[in-house]
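Here the structure is laid out as structure tokens; the discussion comes afterwards.
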């Protein structure tokens, strides 16, 4: 019997089955049968002979254990337990179909474009819901060699930072050891000050003030630093920092409103078409 099974497994893994073999039985558990077509559907037929034979045998064993355990469960569970499980299965099936249909319906109809006006309006009306959990700052810095001969010009341009100054700083950026000039981005202080080798709060806490310029110099480098704005923990988060969150909230609210209207329309349409009646 084992030799016959091994021969059959070899046949499965070395031949591409035609339609006449598609429904050939591979195994049986009581009145349930496993067919070649199911093996091909789940395992394919492009594996090597050794790998395929092992996979086929494992699949048959797994299928057999599942059927045997299912039969034992049905036999040993009482009628009330079986009815409860069947009800759960029906509910899950219904929920799965309905949710999938609703997702397709929403995807085809919901406008995913959220305007800046909508974001600003929602933010203004709900600021209290957007408190910071950590300190934030936006600022800029330049790291120069202490021997840099342009340091006064760089310092003045860095502090003023108008359009001409930005162009000038960009044109001489190769002189900088490092720099970060995008002061519209909000960062945690530890991240910002970590770039100038002062990641610990005791080394930067005194600098956490809005509109603050300062210099830090060591034996090799001069750091020019300007902190544009600071927002402390529990203060309202800046709108640019929570823009993506605001957009998602607005989209979720839009979807929820549409689904509520969808539910109402389903009932109204069913009554109108006389496919839903409620009896006294």
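What follows is calculated from the coordinates using simple rules that are stated; it is not laboratory data. Since the structure is predicted, the reported quantities are computational estimates derived from the model, not experimental observations. Please note: Cβ atoms are built from the backbone with ideal geometry, for glycine as well, and neighbour counts cover all protein chains shown.
For this structure, a couple of remarks:
- Relative contact order of the chain, defined on C-alpha pairs under 8 angstrom at six or more residues apart (%): 19 percent
- Over all projection directions, the Cα-based convex hull of the chain averages an area of 32.6 nm².
- Folded to 0 to 90 degrees: helix 151-160 orientation relative to the chain principal axis, Cα: 70 degrees
- Once the Cα-Cα distance is subtracted from the 0.36 nm per residue extended length, the residue 115 to residue 214 segment shows a gain of 31.8 nm.
- By the Stokes-Einstein formula, at 1.567 mPa s and 4 °C, region 137-194 with its Kirkwood radius over alpha-carbon pairs has D equal to 107 µm²/s.
- The chain: angle of helix 49-76 to the longest principal axis, Cα-based, in degrees nearest 10: 70 degrees
- Exposure proxy for 105, 63: other Cβ atoms within 10 Å of each Cβ, ordered fewest to most, give 105, 63.
- Over the chain, dividing the summed -39,500 (n - 2.57) contributions of all DSSP H runs of at least 4 residues by the number of residues returns a 222 nm mean residue ellipticity of -17500 deg cm²/dmol.
- Residue-span extension gain [residue 228 to residue 105] - 0.36 nm each, minus C-alpha spacing: 39.6 nm
- Volume of the convex hull of region 132-231 (Cα atoms only), normalised per residue: 92 Å³.
- Additional length obtainable on full extension of the chain from residue 271 to residue 205, 0.36 nm per residue less Cα span: 17.1 nm
- Residue order, fewest to most surrounding Cβ atoms within 10 angstrom, among 37, 173: 173, 37
- Residue 96/residue 245 FRET efficiency (R0 45 Å; Cβ-Cβ; nearest 0.05): 0.95
- Percent RCO, i.e. relative contact order, over region 132-231, from Cα pairs under 8 Å lying at least 6 residues apart: 44 percent
- When 172, 249 are arranged by Cβ crowding within 10 Å, least crowded first, meaning fewest neighbours, the order is 172, 249.
- The chain: angle of helix 116-125 to the longest principal axis, Cα-based, in degrees nearest 10: 80 degrees
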